[in-house]
1. Pick from B:E50, B:E18, B:E60: which is most flexible by mean-square fluctuation in a GNM of chain B where alpha carbon atoms under 10 Å apart are linked?
2. Which ³J(HN,Hα) values, rounded to whole Hz and listed in residue order, are derived for the range A:166-175 from phi using the Karplus coefficients 6.51, -1.76 and 1.60 in 6.51 cos²θ - 1.76 cosθ + 1.60 with θ = phi - 60°, glycine and proline given as x?
3. Give me a comma-separated list of calculated 3J(HN,Hα) values for the range A:113-129, in order, Karplus coefficients 6.51, -1.76, 1.60 applied at θ = phi - 60°, integers in Hz, x for any Gly or Pro.
4. Given the peptides B:88-97, A:64-73, arrange them by the average over their residues of other C-beta atoms within 10 Å, most packed first.
5. Got a sec? How would B:E24, B:E43, A:E211 order by Cβ neighbour count within 10 Å, fewest to most?
6. Tell me, in nm to one decimal, what length is gained between B:A68 and B:H108 on full extension, where the rule is 0.36 nm per residue of separation less the Cα-Cα distance?
7. Placing the label point 7 Å from Cα along the Cα-to-Cβ direction, what are the distances from A:A54 to the equivalent spots in the other copies, shortest first, in nm to one decimal?
8. Cut-off 10 angstrom, C-alpha nodes, Gaussian network model of chain B. Which of B:F121, B:F189, B:F165 fluctuates the most?
2 protein chains.
Amino acid sequence: MRENYNNRLDTLSADLAEICRLAEDAMASATKALLTADLGLAETTISSREQIDALAAQWEQNAFSVLALQSPVALDLRIMVSGIHIVADLQRMGGLAIHIAELVRRRHPAHVLPAEVEGVFADMGRVAVEQADATREVLLTRDADLASELRLKDEAMDELHRSLFTLTAAPDWPHGVPTAVDVTLLGRFYERFSDHTVEVAKRVIFLVTGEFRRDEA
Amino acid sequence: MRENYNNRLDTLSADLAEICRLAEDAMASATKALLTADLGLAETTISSREQIDALAAQWEQNAFSVLALQSPVALDLRIMVSGIHIVADLQRMGGLAIHIAELVRRRHPAHVLPAEVEGVFADMGRVAVEQADATREVLLTRDADLASELRLKDEAMDELHRSLFTLTAAPDWPHGVPTAVDVTLLGRFYERFSDHTVEVAKRVIFLVTGEFRRDEA
């Protein structure tokens, strides 16, 4: 019975890492689709929504069973409560990647991005994928130090995000308002993806240390 | 002991409604500050962050105690698990209202909005506050019908949101790119606030019916 219970907890942790991997893959392919105006890749990314949502719903159902049948306490309970938050963050990360792919599909065959912001989005995509990869690692290892580093990486994303405002606000921005609106929304999607990796990191820190976070906005 | 336990569950539900009320107030005052470029009101809205975050953290801590000490099952467990999701949604609603106020402060003494979109934002603010008010009612009554209505109200917000894109994309939009960028971000904040009320409604439906949601993105 006890062994079975520990197996279920291990499976729940591994399943979170798997959902994170799907969100990471979605972000990688959404960014590639964005930079190359690749409709097929955008469609593939969008179709990953079903799998991510199904896994998240399954995770919640499994977690509910464990809570109902095993009444975990102490660290095990923290694992469950943190996981309930984390699965929502991971699902949202997937949703944001899919929003990017949806915009690619809506504008196809046109490119969403003018050439001078492509570099910024390539960097944002790279940072986002790195953050998701580190998040997956944090979920598997529960390494609080790695989780703390993730919180710092967010600053690189914030700086890239700010640079977009500088570009679109320049008096000589030649691409008109609708393109600036697309760039603004896309920038927000990347920034929010990054924020959610930080939320997951905070939850893992809570899980390990038992300290409730104070600074969440 | 049992009475004490029921009291704690009731208090947890009432506390969620209270956090929702704070998010609603923040949205009402943020919208007023936005429409009148009122710096003082923007500052007041921003300062509500501390109270919302503190109440949310306190809620989580109390919920953790109940889970650890009482091992609730069935409906009581659903109340707790739903609540863990809901408190995150409510806190985020407060955060989005505060984002609006922060933009008002950043642009002051200028108005963020040109006159022709003021009406749309007045409507978005009204819908958002109505949704938050209905959400509070749903949290207090656990009325699944009212929760289902809330999911429909989201469509009014989506339509208002779409109308913003039509306005900023018009060839004769005379206010330049930076203003369109502000309008785009603000529109997104209102839309996301509305989305979170729908998430809360879905959670209450789960709470009442025990049916896991399938369509969340």
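Any read-out appearing in this document is the output of simple, stated calculations on the displayed coordinates, not a laboratory observation. Because the structure is a prediction, the values reported are computed rather than measured. Please note: Cβ atoms are built from the backbone with ideal geometry, for glycine as well, and neighbour counts cover all protein chains shown.
1. Judging by the Gaussian network model, the answer is B:E50.
2. So the Karplus estimates, Gly and Pro as x, are 4, 5, 6, 7, 4, x, 9, 4, x, 9 Hz.
3. After applying 6.51 cos²θ - 1.76 cosθ + 1.60, I find 9, x, 4, 6, 9, 4, x, 4, 6, 4, 5, 4, x, 5, 4, 4, 5 Hz.
4. Details: B:88-97: 25.5, A:64-73: 16.4.
Order by mean packing, descending: B:88-97, A:64-73.
5. Details: B:E24 25, B:E43 15, A:E211 9.
Least crowded to most crowded, the residues run A:E211, B:E43, B:E24.
6. Values: separation 40, 0.36 × 40 = 14.40 nm, distance 4.81 nm.
Taking B:A68 through B:H108 to full extension adds about 9.6 nm, to one decimal.
7. Label-point separations across copies, in nm and ascending: 4.7.
8. B:F165
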